[in-house]
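Q: I have a structure I would like to understand better, so I am pasting it below and will then ask my questions one at a time.
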Amino acid sequence: MTAGSSLLGLLTALLGGIGLFLLGMTMLTDGLKLAAGRALERILAAWTRTRLHGLITGICVTALVQSSTAMTVAAIGFVNAGLLSFAAALWVVFGSNLGSSVTGWLVAWIGFKISIDAFALPFIGIGMALKLTGEGTRRSGLGMSLAGFGLLFLGIELLKDGFAGLGPDALPRLGSDPGALALAILIGIALTVILQASAATLTLALTAVAGGMLPLTAAAALVIGANVGTTLTGIVAAIGATANAKRLAAAHVFFNVATAVVAAALLVPLLWLSKAIDLGLGDGDDPVTQLVIFHTLFNALGVVLMGLLSRWLVPFLLSRFASTEDNAAHPRYLDRNVATVPQLALQALRRELARVAHLALELGDLACRHLQQQAPADAVQFTRRLEVIEKLQAEIGRFVGEVSRRQVHRDQAEQLPELLRIANYYDTLARVMYHVALSGQAAPRVVTSPHRDEQTDLLAAVAPVLVSAQAFFGAADPDCGEAPENIALRAEEARDSFEDTYQRSKAALLQAGAGGTDVNAMYDWLACLSDLRRAVAQGFKASQRFASLPELKEPALDSESED
């Protein structure tokens, strides 16, 4: 076999093997998240109360989904959606790095010591059977994850076959000098950035070592680089996210870079210790097992290092990125990673919608206050507030569209148009109150009767309605932390009170017009009151529909979508 055909065969094996591996990992991760639903949130909430719990959770969940990158991005998404605090997520991320070592052990134990065909093909067959017979249920997600697990190992088998036919000299060898090791680290970083999965780079290194194409020292340096390269995905996930999500991404970068520096400095001692452990396990002098042990050791070393530095790191990160919280036009709870889990996506949508409601009702309250105080409305301020609400509503619409394109249970899918309807109510309320704030400034406050030399204070007749509208806006705010049912009840009482006040003020204005007051001024204020009434009606509809949203429940594992 010529060198050219050997390299072509290797390239084909690399492309196909990596493709199958990444496809399997994606199916495994997405399937488990779909099958878990809100159980994933409950696990994270219940098992992240302490640093040790967070660490164990990160290890276990990453071992389950077979991707520290996916776990880190998911943690950033949960922090961004307000489902996980920064302190809790920090140790989940640290644990995910240690949990990524499980991938190496699976590859070493299963990928190199068990017949892949006998192992992977049944997983793919059973998994696809579950997926095809359980569309719209959690069973479909479980089937997808099983099929993904099988595809993952088929990819490893393809990589092994590609490397097996090549000799040790098929590729330029990397030495053990500092320059060669630095090059290997850079290659590991580049591969992981391209593949978007450090597990894929680790698998490549393991198969290359098993085929004799890569010395253990260079492979260890490659794995160190993979740990650094995996931070890019977290950085990208945190772009435009909340302050806590950016802090978490920064902590992930610090952890991986610091761990890589320490591992590179202690490369020789760690490899010696890995060989000693391998011999102690009775596995012989196996470079594949030694590379897996090395990967586990330096990630464990990183956790110990973070344990020592976290008391300094956490306060430092908490003092950073504070300004992004002021960007009100950016969604605070919507995150594309949460969108992959329908239950969590619906919860994030409700939280963001409550925030939009708060901003719209706040705009209404501010407009009423300006009219009462007879203070000139700041057109720029009100325009900016309205633009924020409109941008958030557009983001909600885009997020709903993204969720609806995924596999969603029918009960969950039916909530999406209702959430859009509620968002439209609040948007209309904000637009109306924006108009009230600006147009109300032009309406005359005090007018003189043309028939009698006396003045009529029209604002005094309107003021009770403004006060009553403010009371409604405060009572109908779903972002106050109370149960939607209680908010809906208070909103109904405030709406009824507003309606009574509105009718009395309207009658007073009509009486003033009949008594000779400037009819045009009276009509201006009646139009203002009519707009206020419409805004209150929109807010009332929204509060009632918010309260009538069904409780977020898990679809049963074996339940089918109803016809």
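Q: Go through (1) among the hydrophobic types (A, V, I, L, M, F, W, C); (2) under 19 Å from Ala357 (Cβ atoms); (3) modelled with pLDDT of 90 or more and name the single condition Val467 misses.
A: Status for Val467: all satisfied but (2).
Q: Here are Glu395, Glu387: which of them is in the same structural domain as Ala471 (by TED's automatic domain parsing), at pLDDT 80 or above and within 30 Å of Ser140 (Cα to Cα)?
A: None of the other options fit; the residue is Glu395.
Q: Here is a follow-up. For the stretch 198-210, indicate whether the set of residues that are touching a Pro at 6+ places or on another chain (Cβ under 6 Å), in contact (Cβ under 8 Å) with a residue 60 or more places away in the chain, hydrophobic (A, V, I, L, M, F, W, C) and under 29 Å from Ile110 (Cα atoms) is non-empty.
A: The answer is yes, given that some residue of the stretch 198-210 is touching a Pro at 6+ places or on another chain (Cβ under 6 Å), in contact (Cβ under 8 Å) with a residue 60 or more places away in the chain, hydrophobic (A, V, I, L, M, F, W, C) and under 29 Å from Ile110 (Cα atoms).
Q: What number goes with the only condition from (1) surrounded by 15 or more Cβ atoms within 10 Å (Cβ to Cβ); (2) modelled with pLDDT of 75 or more that Phe112 does not pass?
A: (2)
Q: Yes or no: Arg351 in contact with a Ser or Thr (Cβ under 8 Å, 6 or more places away or on another chain), touching a residue at least 60 places away in the same chain (Cβ under 8 Å) and on the phi < 0 side of the Ramachandran plot?
A: Here the answer is no, as Arg351 does not meet what is asked.
The values are calculated or read from the model by the stated rules, or taken from the named source; none is laboratory data. Please read these numbers as outputs of a predicted model, since none were measured by experiment. Because the Cβ atoms are built from the backbone with ideal geometry, glycine has one as well, and the counts that use them run over all protein chains shown.
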